[in-house]
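Beneath this line is the structure, given in structure tokens, with notes to follow.
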Amino acid sequence: MSSSMFRSALILGLLSAVGPLSIDMYLPALPAIEAGLRTDIASTQLTLTLYFLAFGVAQLVYGPLADQYGRKRPLYAGLAIFIAASIGCAFAPTIGWLIAFRFLQGLGGAVVMVVPRAIIRDMHTGNQATRLMAMIMLVISVSPMLAPLFGSGLILLGGWRVIFGALALMAVFSLLLTGFVLPETLAESRRTPVNLRSMWRGTKVLFRDPVFMGLTFIAGFGMASFFVFIASAAFVYTDQFGLSPTGFSIAFAINAIGFFSASQVAANLGERFGIQRVISWAVTGFMAFTLTLLALTLGGFGTLPVIVGFLFMANACLGLVIPTTMVMALDDHGDIAGLASSLGGTLQMLAGGIMITAAAPFFNGTATPMVAAIALCAVAAFILTRLLFAKMPARRDEASEI
């Protein structure tokens with residue numbers, strides 16, 4: 001591992017962590033927000049659903065802007081919006097205002113999903129890109145492992161509103177990091193003017209590429225399972241199993257460790273066995289673990305250790321799938337990497353938001369609806385993987401650089 005790659009991973013990881021932090025620090029506060037704003041579970045979950053939807057739709061804007069103006073200027077704009085929205089969330093008087101500011105927060109936070117992935121594509125392709133993405137995820141991994149605990153501590157110190165003040169300060173740090181440390185990776189000669197015609201032309205190319213669309217939705221169904229878990233876990237773990245916010249944070253961290261640990265070996269396994277084979281094996285494992293968990297839950301064996309253990313193994317499988325499919329989807333679209341990154345991210349976030357919305361009417365405070373929705377995502381990812389790879393020639397990507 002070169003020092004330059006380590007430095008890039010650290011910088012991009014710190015930037016990319018802003019988006020997950022705005023979710024993971026917030027999760028232990030959901031029951032407190034429900035009580036404090038005198039609302040219900042469905043309205044409280046809406047603060048997550050609309051955040052995801054805004055986070056997805058805004059990526060369609062940041063990608064083309066990053067292709068025209070370079071990678072740094074959209075980061076300035078998005079982070080500024082995120083800071084303002086976080087302050088608004090901290091002072092929201094009602095659930096309606098909180099939902100509105102969370103939507104605005106998602107509009108700003110989307111930039112840290114699009115631009116870092118485009119920067120990765122500027123620098124690397126193939127297994128080198130997968131390796132850099134895995135290193136970035138290692139940096140981001142502090143979010144699901146420690147952020148809920150940090151959020152629980154802030155709740156004890158000053159209530160749930162303090163969490164949004166902390167998020168605003170973190171975004172200010174990211175803004176300074178962008179201005180003084182992050183290099184510009186898109187040369188003036190490679191920038192593409194933004195206009196509706198060029199965007200539509202590039203979008204048609206992406207929509208007509210079965211490899212891009214297939215890989216995007218394989219990762220999308222994996223991410224959708226995360227979103228269902230994120231929207232439901234706080235209520236399941238606290239209401240059904242009686243965990244405190246700190247106990248929930250620990251259980252959540254255990255589930256996240258599986259994902260980020262596995263993501264660190266994705267590039268090595270891809271080099272040894274081939275990327276397609278690794279994805280196929282991992283998606284199969286994801287489906288097997290989640291369907292087994294669903295059967296155990298329906299049979300009355302869905303205890304807390306069983307749920308945490310099987311989700312740990314399922315998320316470990318996703319740690320091999322999501323970073324690999326994300327970078328693989330961009331390999332053939334370096335000239336429109338920003339647009340491809342934003343369209344892929346938008347489709348994935350919309351899939352997650354739709355799954356939360358579809359599962360919400362069935363949520364009853366127990367683990368069964370959550371586990372069923374996660375298993376459904378796994379089955380969809382498995383079917384899509386089989387269909388896509390049956391039509392693709394086997395490839396064994398070697399590291400390459402731009």
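Computed values, structure above
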quantity: Scope region 354-378; condition modelled with pLDDT under 90, in a helix (DSSP H, G or I) and surrounded by fewer than 18 Cβ atoms within 10 Å (Cβ to Cβ); matching residues; calculated: I354, T357, A358, P361, F362
quantity: Residues of region 358-381 satisfying the condition of being of a type in the set (V, I, T) and under 11 Å from A224 (Cα atoms); calculated: I374
quantity: Matching entry among L10, L75 (being crowded, with 24+ Cβ neighbours inside 10 Å and assigned to a helix (DSSP H, G or I)); calculated: L75
quantity: Residues located in region 183-229, provided they are among the polar types (S, T, N, Q) and at pLDDT below 90; calculated: T185, S189, T192, N195, S198, T203
quantity: Verdict on S261 being hydroxyl-bearing (S, T, Y) and under 21 Å from Y51 (Cα atoms); calculated: no
quantity: Among residues of region 311-345, those that are within 25 Å of Q45 (Cα to Cα) and surrounded by fewer than 24 Cβ atoms within 10 Å (Cβ to Cβ), counted; calculated: 1
quantity: Looking only at region 166-183, and only at residues there that are more than 22 Å from the chain's Cα centre (by Cα) and touching a residue at least 12 places away in the same chain (Cβ under 8 Å), the one that is most open to solvent (accessible area, probe 1.4 Å); calculated: V181
quantity: Qualifying positions in region 204-214 - in contact (Cβ under 8 Å) with a residue 40 or more places away in the chain, open to solvent by 20 Å² or more (accessible area, probe 1.4 Å), part of a helix (DSSP H, G or I) and of a type outside the set (A, V, I, L, M, F, W, C); calculated: P210
quantity: Condition met for I336 (in contact (Cβ under 8 Å) with a residue 12 or more places away in the chain and assigned to a helix (DSSP H, G or I)); calculated: yes
quantity: Test for F217: is it surrounded by fewer than 24 Cβ atoms within 10 Å (Cβ to Cβ), in contact with a Phe, Trp or Tyr (Cβ under 9 Å, 6 or more places away or on another chain) and farther than 18 Å from I136 by Cα; calculated: no
quantity: Which numbered condition G247 misses (of (1) over 21 Å from A372 (Cβ atoms); (2) in a helix (DSSP H, G or I); (3) touching a Phe, Trp or Tyr at 6+ places or on another chain (Cβ under 8 Å); (4) in contact (Cβ under 8 Å) with a residue 12 or more places away in the chain); calculated: (4)
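The values are calculated or read from the model by the stated rules, or taken from the named source; none is laboratory data. Keep in mind it's a predicted model, so treat the numbers as computed, not measured. All Cβ positions, even for glycine, are placed from backbone atoms using ideal geometry, and neighbour counts span all protein chains on display. What goes into the accessible areas is simple: the full protein's heavy atoms, side chains included, and nothing from ligands, DNA or RNA. Shrake-Rupley method; radii C 1.70, N 1.55, O 1.52, S 1.80 Å.
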